[in-house]
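What follows is a short report on a single structure.
A short reminder: the numbers here are calculations on the coordinates, not readings from a lab. Everything numeric in this text was worked out from a predicted model, so none of it was measured. Counting neighbours? That spans all protein chains shown, and the Cβs are built from the backbone with ideal geometry, glycine included.
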Amino acid sequence: KYAQGFPSFGPERRGAPVAAFTRIDDKKINVRSGIYKPDVVLVLDSSLIGLVNVTEGLKPDGKLIVNTHKTPEEIRKALNYTGTLAIVDGTGIARKEMGVPIANTTMIGALLKVIGVMELDAMKDAIEHRFGRIAQKNLNAMKRAYDEIKIYN
């Protein structure tokens, strides 16, 4: 598999919403633009719902993954969204497993479960390399998100 990822920052100061794009393909990726019709949208911060149109451009058969403690009904109503929705309290998991409310790595587990592009174990070496002595906490958080995410069609 090939992958490409990059963030898109606006002129805002620190703490403003950030869009990040990732492509995964079986062949080399040569495109270098934003993604305007995503297959998947992952919302790390559910407080953005209502402030940013998080489903903009999402394909009709796309998947929306939200880090939230809210119910699927609350999310669907707030977004007027009827497509595939997956939710997990990634922040709560991160707090319990790592001691910090930072769900980035945790939500990788949720993403992998929803899109099914690779097994969770395939991330082990990369996480150990990136996080060193705290890798196991991150791996535990990813595993919990993988196991606990609920998918609603």
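Run lengths n ≥ 4 of DSSP H only: what is the helix-derived mean residue ellipticity at 222 nm for the chain, with -39500 (n - 2.57) per run over all residues, to the nearest 500?
Using -39500 (n - 2.57) per qualifying helix, the result is -10000 deg cm²/dmol.
Taking the chain on its own, what percent of its Cα-Cα pair distances exceed 24 Å? Don't skip to the answer; put the middle values down first.
Values: 3983 of 11628 pairs.
The answer is 34 percent, as a whole percent.
Please compute the length gained on full extension between Asn153 and Leu51, using 0.36 nm multiplied by the number of residues separating them and subtracting their Cα-Cα distance. Walk me through the intermediate numbers first.
Details: separation 102, 0.36 × 102 = 36.72 nm, distance 2.44 nm.
Going from the current span to full extension adds 34.3 nm.
If you average the sequence gap of Cα pairs under 8 Å that are 6 or more apart and divide by the length of the chain, what percent do you get for the contact order? Spell out each step's value before the answer.
Working: 232 pairs, mean separation 27.0, N = 153.
Relative CO of the chain lands at 18 percent.
Roughly how many debye, to the nearest 20, is the charge dipole of the chain about its Cα centre, given +1 on each Lys and Arg Cβ, -1 on each Asp and Glu Cβ, and no other charges?
Working: 23 positive and 17 negative charges, 56 e Å.
Charge dipole, the chain, about its Cα centre: 280 debye, nearest 20.
Over 30 Å between Cα atoms, which of Lys70/Lys113; Lys37/Lys70; Lys1/Lys59 qualify?
Working: Lys70/Lys113 19 Å; Lys37/Lys70 26 Å; Lys1/Lys59 22 Å.
Where the Cα-Cα span goes over 30 Å, no listed pair is concerned, since all stay within it.
Of all beta bridges DSSP finds with both residues in the chain, what is the antiparallel percent, to the nearest 5?
Roughly 50 percent of the beta bridges in the chain run antiparallel, per DSSP.
If I stretch the segment between Val100 and Lys124 completely, what's the gain in nm (0.36 nm per residue apart, minus their alpha carbon distance), one decimal?
Working: separation 24, 0.36 × 24 = 8.64 nm, distance 2.04 nm.
The span from Val100 to Lys124 would gain 6.6 nm if fully extended.
Which of the peptides 84-91, 19-26, 111-118 is most tightly packed, and how do the rest follow, going by the mean number of other Cβ atoms within 10 Å of each residue?
Working: 84-91: 22.8, 19-26: 12.6, 111-118: 15.9.
The peptides rank, most packed first, as 84-91, 111-118, 19-26.
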